[in-house]
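Structure, as structure tokens:
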Amino acid sequence: MLRVGLTGSIAVGKSHVSSVFAGLGCRVLDADETAREAVAPGSRGLRAVVGAFGGEVLGDDGRLDRARLASVVFADEAKRQLLNSILHPIIIAAQDEWLRAREREAPRGVAMIDAALMIETGSYRRFNRLVVVHCEPTVQVERLMRRYSLSREEAERRIAAQMPQDEKMRHADYLIDTSGSFAETRAHVEQVYAELKALAEARAEPSR
């Protein structure tokens with residue numbers, strides 16, 4: 001099985017690209033899914049987060065208030081790194097378990113983890129290939145403003161708190177630019193997936 005990482009900065013269209021890959025038949029796991037499970041009520045992840053950041057990151061129902069926690073960690077790099085150090089080992093272990101299960105199901109298939117921070121954490125090295133989604137910086141700012149009803153200054157501050165797009169792109173085996181139309185993006189995803197499937201098949205062939 002070919003293990004593929006899919007990543008990109010905030011508001012570059014990574015979720016859309018992920019959904020296209022899934023629609024084409026790729027087995028895709030959104031890291032946000034394992035991240036939510038990592039801080040589910042009663043989990044050791046949630047206990048660790050509350051221990052580090054206090055009970056104010058909890059909602060009235062006792063669940064993690066992700067928006068409140070995000071506002072805390074985006075404003076303080078040290079706190080963002082602390083949160084990552086708590087949750088990433090838990091999340092990566094869950095992802096690896098999922099990958100092993102997909103490999104048992106389809107040894108000749110393609111399995112993809114969609115995660116925003118795999119380059120920052122170094123976890124991208126676990127994959128055979130890395131796909132990086134990107135777009136024009138002006139498009140990224142506009143998308144982020146619309147998504148969270150942010151001012152331009154707030155959107156730019158959130159973007160500046162993350163690894164620059166250019167740096168992520170340098171790690172890529174495949175680049176997908178979402179600055180254009182949905183049709184253009186889909187055509188590019190289809191091309192990349194065809195190459196990934198061919199590579200997965202070639203890897204599965206016994207050596208002669």
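Derivation of every value follows stated rules applied to the coordinates shown; laboratory data play no part. Quantities reported herein were computed from a predicted structural model and do not represent experimental measurements. Here the Cβ is made from the backbone with ideal geometry for all residues, glycine too, and neighbour counts use every protein chain on show.
Here's the list of aspartates and glutamates a cross-link from Lys197 could span, going by alpha-carbon distance under 13 Å and ignoring same-chain residues fewer than 8 apart: Glu205. Its Cα centre serving as origin, the range 51-116 has a Cβ charge dipole (Lys and Arg +1, Asp and Glu -1) of approximately 220 debye.
When the alpha carbon coordinates of the range 2-203 are projected onto the principal axes, the ranges are 51, 40, 27 Å, largest first. On the basis of the beta-carbon distance and an R0 of 45 Å, Arg66 and Glu205 show a calculated FRET efficiency of 0.55.
Compared with the dominant Cα axis of the chain, that is its longest principal axis, helix 77-105 is turned about 30°. Find the Rg to Rh ratio for the range 26-81, where Rh is the Kirkwood radius over alpha-carbon pairs and Rg uses the same atoms. Here the Rg-to-Rh quotient is 1.01. Taking the DSSP beta bridges with both ends in the range 2-203, the antiparallel portion is around 5 percent.
Estimated from helices alone, the mean residue ellipticity of the chain at 222 nm is -17500 deg cm²/dmol (sum of -39500 (n - 2.57) over DSSP H runs with n ≥ 4, per residue).
Taking the Cβ-Cβ separation of Glu184 and Glu154 as r and a Förster radius of 25 Å, what is the calculated FRET efficiency to the nearest 0.05? About 0.30, to the nearest 0.05.
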